[in-house]
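Let me begin by presenting the structure, written as structure tokens, before commenting on it.
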Amino acid sequence: MSTFSEVAGVHDLALGEHDAGFRQFVRQALAAPLLTATEEYELATRFQRDNDREAAHRLVHAYLRLVLKTAQEYRHYRVSLPDLVQEGTVGLMHAVKQFDPQRGYRLATYAIWWIRAAIHDFILCSWRMVKIATTRIKRQLFFKLRQTKSTAALLNRQEAEKLARQFGTDVETILEVDSRMVGHDESLNQPLLEEGGEWLEQIPDHRPDQERQLLSVERQQWLHRLVRTGCDALTPRERQIIAARYLADSPQTLESLALTLSISRERVRQVEKRALEKLRAFFLSTPVGQDLRLPA
């Protein structure tokens, strides 16, 4: 079980070239007084029992060292240290809110899981615009591969098979997560090197233009009028059968029409065939009627 003394050694934190505000935050975090086990228990009890905000405030400040040390472990994930510390602090506050001092362990042991979870979620959301890991297994693999791989190059299949056995998953999942880790987002607005313009301009737009859409609508309206004109030459029964079989939202079967018209199924089929022959002859006599595909 981890103790606070094991995770409090944060004085060697590498700050790099961060702004003055973050440096001030780090100095204040390192200056916050440490808590004994008894003090921590009393503060956590006060917060749990009385919702004492001052007690919660003291618990959070006492463990900001833990956030700083944990965030430093993820400094190679192409995410700024202040952002990592900010997300880790949010995780710490959740831990303080959920912590039960009656269970007998220190807050550091409990809080480290909340801090790491908050940092992990932030890294996964910030790594790329396209979500890099969509399942729990892939999220775990992301961090395991980062810790295991010695180079930034893509894994070959033999290496992936070895890691799949090690992590208890399949090769394809390993290769998928690895390819997403190694790849980078590219802006479609970046300029082309030689041709000029942007990459976005090279993507074809398959949507029909307004002129084509207008022509399509006009053509459909013309065909509807043509069908109505053709049906005018049919007998009432033929029109009824054609409408029920081909123009209705839910076409009827020969059997259902036979029951409706009180005739045999074969008689319905014969009337339908004769009506289609009349319509076919009418459509073939028009300039665009041949585009209609009538049943044989």
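The values are calculated or read from the model by the stated rules, or taken from the named source; none is laboratory data. None of these values were measured; they are calculated from a predicted model. Positions of Cβ are backbone-derived with ideal geometry, glycine not excepted, and every protein chain shown enters the neighbour counts.
Structure notes:
- Residue check for V79: hydrophobic (A, V, I, L, M, F, W, C), within 36 Å of the chain's Cα centre (by Cα), in the same structural domain as I123 (by TED's automatic domain parsing) and not in a helix (DSSP H, G or I): yes
- Filter result for A111 (surrounded by fewer than 20 Cβ atoms within 10 Å (Cβ to Cβ) and of a type in the set (A, V, I, L, M)): no
- Number of the exception - Q48 against (1) surrounded by 17 or more Cβ atoms within 10 Å (Cβ to Cβ); (2) within 17 Å of A117 (Cβ to Cβ); (3) not hydrophobic (A, V, I, L, M, F, W, C): (2)
- One residue from A29, A37 being within 21 Å of E73 (Cα to Cα), surrounded by 10 or more Cβ atoms within 10 Å (Cβ to Cβ) and at pLDDT 85 or above: A29
- Look at segment 24-40: where a residue is among the hydrophobic types (A, V, I, L, M, F, W, C) and a partner is modelled with pLDDT of 90 or more and outside any helix (DSSP H, G or I), sitting 6+ places away or on another chain with Cβ atoms under 8 Å, you get A37/R106.
- Residue match in segment 266-282 (condition: at pLDDT below 90, part of a helix (DSSP H, G or I), under 29 Å from Q221 (Cα atoms) and of a type in the set (G, A, S)): yes
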